[in-house]
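Reading through the structure tokens given below for one structure.
The values are calculated or read from the model by the stated rules, or taken from the named source; none is laboratory data. On a predicted model such as this, the values are computed, not experimentally measured, just so you know. No Cβ is skipped: glycine too gets one built from the backbone with ideal geometry, and neighbour counts run over all protein chains shown. Note: areas computed on protein heavy atoms with side chains; ligands, DNA, RNA excluded. Shrake-Rupley method; radii C 1.70, N 1.55, O 1.52, S 1.80 Å.
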Amino acid sequence: MSELADLYQRVVIEHNRSPRHYNKLDPCTHHATGYNPLCGDEVELYLRMDGNRVREAGFQGESCAIATASASMLTEAVRGLDAEAIRELARAVSRLIRDGDPGADEWPADLDVLGVVSRFPGRSKCAELPWKALTTALDAGSGDTVSTEE
Amino acid sequence: MSSAEPLQAAGGSLDVQAIRSQFPVLDQQVNGHPLVYLDNGATAQKPEAVIEAEARCYREYYANIHRGVHSLSQRSTAEFEAVRGKVQRLLNAPEEKEIIFTRGTTEGINLVAYSFLRPQLQAGDEILITAMEHHSNIVPWQIICEQTSAKLVVVPISDAGEISLDDVAERIGPRTKLVSVVHLSNALGTINPVKQIVDLAHARNVPVLVDGAQSAPHMPVDVQALGCDFFVFSGHKLYGPTGTGVLWGRYELLKAMPPWHGGGDMIRTVTFEKTDFADPPARFEAGTPNIAGVIALGAAIDWFLALDPRAVAAHEADLLAHATARLGAIPGLRLIGTAEQRAGLVSFVMDDAHPHDIGTILDGYGIAVRAGHHCAQPVMQRYGVPATARASFGVYNTRDEIDRLAEGILKVRDLFGG
Ligand SMILES: Cc1ncc(COP(=O)(O)O)c(C=O)c1O
């Protein structure tokens, strides 16, 4: 329990209570919806890009604290990154969430705490949900929905 | 079954500690705490009698059934077929040959959808269900509606999670071809007035299917008293093995139904010109079934009947009352499903914590609950929540365990700040 309490206490609850950039970006250049059919959670992700670089990111949705915190950290972490760097970050975060593999020493926006989720496999999809929406938004431009079950 | 007596304390109430000791899986620590298993609505744990019956089949006499002259096949066939009589007793079914073995509730409903209903369904016909059905009592009907241009009609539910008989009556019309309704809702705990629904439907010659996935393990079931035409349940929720289940149907309906799956064991004679189908139940049991599983389901039914379903229902009613009182007193917690007639479970949401987070934190204290939409997304939509947390009871649960659940929820509240 202590590890879990630690995860929740350190970041999840704080981000869940006051999520960063919890708003719809209007206008935006890219957006996508991440959907988890197993629990009904939904995260809408918005990007405003200037050329190849993210100026601003925002999200909205109905989701558990882990997905919300992950999305909140995401919107902080991707600011200023270009598409290639974002894809790389998303892959690294996925390894972190699935295997707890920290890879880098330096993680932007406290993202390293998501490594704890690897010890709760039942929750990895929650943490990954906004990142799936992120890469879908980059790939598809706008309006697509991506499911955690694909 | 010989162990019937020790499980009953004086006065007919259950000796829950004796029952618990028959479930090996309950005796363990999870995340450093004694396991509190409150996910029985998803599936129930298995007593020694069931585990042993399945193992004994494989150890002592396993062979294929209905097709061997040798001794093992005859013994397997006899043990397998004897389970029909046990199911007949469980449901108070008029006849043993009305018992069809399936893989579970889902398969039973699909069998009725494809074999009974679809052949007679015309464009504009209607199938009546309620707004509290499990996906397995929604999707098969939607699929055959799609194929035939028939229509799915839905009885709404109240804030408490009840349906009104007036709403049912209003929706049974000349085009209604079947009413299919859950007996005990897995998402809300509501017990539906099935007998009255059957009376309304039969007054208009409409047959009724009852989804008994949750009722069979939690209350006495009497299909003759209910008056329904089909009743389905799953073995795994009734302390039996996965991959087993039952469709009971009135014989004259079954007899008129075409087969669903074709194959071995369901025929009388086969030539390339024509196949003569066997009578029910064989007609609907193509291929080699889950032999050892069905035999162990028989052990589960013996075990359950020895407890006495009335005593089980009384014990779980006490747990429900205790849980409703304890959880109802927690600020910021809302019970979803407060029907007057209710059994088996409490479904709830909290102001500050999402059901998933509740589930994860309770798991940290060794408490297993379900968090999600419980395969009843329309119910979640009805209450405007994405999901609920659900604690569902089994015969081995105790008041102490409900207290641990309540303490766990208070910890969730502390963590998320109430
Ligand atoms: C009310 C109800 N109907 C149907 C089902 C489906 O049962 P199974 O998955 O065993 O086929 C369930 C099980 O979750 C249920 O609770």
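Mind listing whichever residues of the stretch A:53-76 are buried (at least 24 other Cβ atoms within 10 Å of the Cβ) and assigned to a helix (DSSP H, G or I)?
A:Ala65, A:Ile66, A:Ala67, A:Thr68, A:Ala69, A:Ser70, A:Ala71, A:Ser72, A:Met73, A:Leu74, A:Thr75
Please specify each residue of the stretch B:201-224 satisfying the condition of being in contact with a Phe, Trp or Tyr (Cβ under 8 Å, 6 or more places away or on another chain) and part of a loop (DSSP other than H, G, I, E, B).
B:Pro207, B:Gly212, B:Ala213, B:Val221
Looking at B:Phe101 and the list (1) under 22 Å from B:Asp265 (Cα atoms); (2) assigned to a helix (DSSP H, G or I), which single condition is not satisfied?
(2)
I'm checking my understanding of the structure. Among residues of the stretch A:26-40 that are surrounded by fewer than 20 Cβ atoms within 10 Å (Cβ to Cβ) and more than 12 Å from chain B (Cβ to nearest Cβ), which one is nearest to A:Ile86 (Cα to Cα)?
Per the criteria, the residue is A:Thr29.
Go through (1) at the interface with another protein chain (Cβ under 9 Å from one of its Cβ atoms); (2) under 19 Å from A:Gly122 (Cβ atoms) for B:Arg390 and report which single condition fails.
Condition not satisfied by B:Arg390: (1).
If I filter the stretch B:348-404 down to residues being in a helix (DSSP H, G or I) and within 16 Å of the ligand (Cβ to nearest atom), which single residue comes out as most open to solvent (accessible area, probe 1.4 Å)?
If we filter the stretch B:348-404 for residues that are in a helix (DSSP H, G or I), which is where we start, we get B:355-364, B:377-383, B:399-404.
Checking the rest, the ones that are also within 16 Å of the ligand (Cβ to nearest atom) come to B:377-380, B:382.
Numbers: B:Gln377: 51, B:Pro378: 50, B:Val379: 0, B:Met380: 6, B:Arg382: 85 Å².
Result: B:Arg382.
Somewhere in the stretch B:138-145, is a residue among the aliphatic types (A, V, I, L, M), within 13 Å of the ligand (Cβ to nearest atom) and within 14 Å of chain A (Cβ to nearest Cβ)? Before you say what the answer is, go through the steps one by one.
At the first step, the residues of the stretch B:138-145 found to be among the aliphatic types (A, V, I, L, M) are B:138-139, B:143-144.
Then drop every residue that is not within 13 Å of the ligand (Cβ to nearest atom), which leaves B:138-139.
From the residues that got through so far, the ones that are within 14 Å of chain A (Cβ to nearest Cβ) too are B:139.
Yes, the stretch B:138-145 contains at least one residue that is among the aliphatic types (A, V, I, L, M), within 13 Å of the ligand (Cβ to nearest atom) and within 14 Å of chain A (Cβ to nearest Cβ).
Condition check: within 16 Å of the ligand (Cβ to nearest atom) and among the acidic types (Asp, Glu). Does B:Asp27 satisfy that?
For B:Asp27, the condition - within 16 Å of the ligand (Cβ to nearest atom) and among the acidic types (Asp, Glu) - is not met.
Only one of these conditions is not met by A:Val43: (1) open to solvent by less than 60 Å² (accessible area, probe 1.4 Å); (2) part of a loop (DSSP other than H, G, I, E, B). Which number is it?
All conditions are met except number (2).
Consider B:Val312 carefully, then state whether it is more than 11 Å from chain A (Cβ to nearest Cβ), crowded, with 19+ Cβ neighbours inside 10 Å and β-branched (Val, Ile, Thr). Spell out how you get there, then give the answer.
Working: more than 11 Å from chain A (Cβ to nearest Cβ): yes; crowded, with 19+ Cβ neighbours inside 10 Å: yes; β-branched (Val, Ile, Thr): yes.
So B:Val312 fits the description; yes.
Mind listing just one residue for me: the one in the stretch B:82-105 that is without any contact (Cβ under 8 Å) to a residue 40 or more places away in the chain and buried (at least 16 other Cβ atoms within 10 Å of the Cβ) and, of those, nearest to the ligand (Cβ to nearest atom)?
Within the stretch B:82-105, the match that is nearest to the ligand (Cβ to nearest atom) is B:Gln88.
Is the stretch B:49-58 home to any residue that is at pLDDT below 95 and out of contact with any strand residue (DSSP E or B) (no Cβ under 7 Å at 6 or more places or on another chain)?
no
Residue under question is B:Arg326, and the condition is that it be away from the ligand (no atom under 15 Å from the Cβ), of a type outside the set (S, T, N, Q), more than 14 Å from every other protein chain (Cβ to nearest Cβ) and over 21 Å from B:Ala216 (Cα atoms); does it hold?
Answer is yes for this residue.
When the residues of the stretch B:35-71 are narrowed to those that are basic (Lys, Arg) and more than 16 Å from the ligand (Cβ to nearest atom), which ends up surrounded by the fewest Cβ atoms within 10 Å (Cβ to Cβ)?
Quick first cut of the stretch B:35-71, residues basic (Lys, Arg) only: B:46, B:56, B:59, B:67.
Filter once more, so that each one left must be more than 16 Å from the ligand (Cβ to nearest atom): B:56, B:59, B:67.
On the way: B:Arg56: 16, B:Arg59: 9, B:Arg67: 11.
Across the stretch B:35-71, the extreme among qualifying residues is B:Arg59.
Answer yes or no as to whether B:Thr242 is within 12 Å of the ligand (Cβ to nearest atom), open to solvent by 60 Å² or more (accessible area, probe 1.4 Å) and not charged (D, E, K, R).
yes
Condition test on B:Ile267, is it over 30 Å from B:Ser164 (Cβ atoms) and at pLDDT 95 or above? Walk me through how you get there before you give the answer.
Numbers: over 30 Å from B:Ser164 (Cβ atoms): yes; at pLDDT 95 or above: no.
It is false that B:Ile267 is over 30 Å from B:Ser164 (Cβ atoms) and at pLDDT 95 or above.
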